[in-house]
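Here the structure comes first, spelled out in C-alpha cells, and everything after it is commentary.
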Amino acid sequence: MTIEILAVNDKAMLRRFIRVPSVVHKHDDAWIPPLMMEREEAFSPKDNEFLRRAEVRFWIARRDGRDIGRISAQIDPLAQHNDAERVGHFGCLSAEDDPKPSLRL
C-alpha cells in the first residue's frame, strides 16, 4: 500500500489534478464542489497571469489505483526579496483523511 507521486505534465493530467478534491471529498456531506469552469480558468496560464510569470509544478498522489491527494509548489519572481535565495510556497493541498501512516520512503 505505497503512495505513488505523479507529476502533472500535460493538459489531461492538469484536468485530473483540478478534479482531485471532488474525488477525495465526495463522501463529505459538508463538501461543496467548486465550479469546474472556474477552476479550469484559475489553472490556465491564458487566464491567470500568475501562472504565466511564476514557476509552478503540480503533483497527484495515488494509492491502490486511486487519486488520494494533490499539492502544488510555486516560486513567484515578484515575491523574491533577495537574489541569492529564492522563496517558494506550497498550495492547492487536498488529501484523503487517513490516520494510518502508509508513506514509506
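The values are calculated or read from the model by the stated rules, or taken from the named source; none is laboratory data. What you are looking at is a predicted structure, and each value in this text was computed from that prediction instead of being measured. Methodologically, a virtual Cβ is constructed for each residue, glycine included, from the backbone with ideal geometry; neighbour enumeration extends over all protein chains shown. Keep in mind that these areas ignore ligands, DNA and RNA; they rest on the heavy atoms of the full protein, side chains included. Shrake-Rupley method; radii C 1.70, N 1.55, O 1.52, S 1.80 Å.
Here are some notes:
- In this structure, the amide hydrogen of SER94, modeled 1.01 Å from its nitrogen in the peptide plane, lies closer than 5 angstrom to those of ARG70, counting only residues at least 5 positions away or on a different chain.
- Whole-number percent relative contact order across the chain, with pairs defined as alpha carbons under 8 Å at least 6 apart: 31
- Portion, in percent, of the accessible area of the chain that falls on carbon or sulfur, probe 1.4 Å: 56
- The modelled label-to-label distance between ASN82 and ALA95, using points 7 Å beyond Cα along the C-beta direction, is 2.8 nm.
- Shape of the range 1-62, Cα gyration tensor, a/c cut at 1.5: oblate
- Probe 1.4 Å, protein heavy atoms only - accessible area per residue of the chain in square angstrom: 74
- Evaluated on the chain, the Kirkwood hydrodynamic radius is 15.2 Å, with distances taken between all distinct Cα atoms.
- Under-5 Å amide H pairs with ALA54, H placed in peptide plane, nonlocal only: none
- For the range 47-95, pairs of C-alpha atoms spaced more than 19 angstrom apart make up 39 percent of the total.
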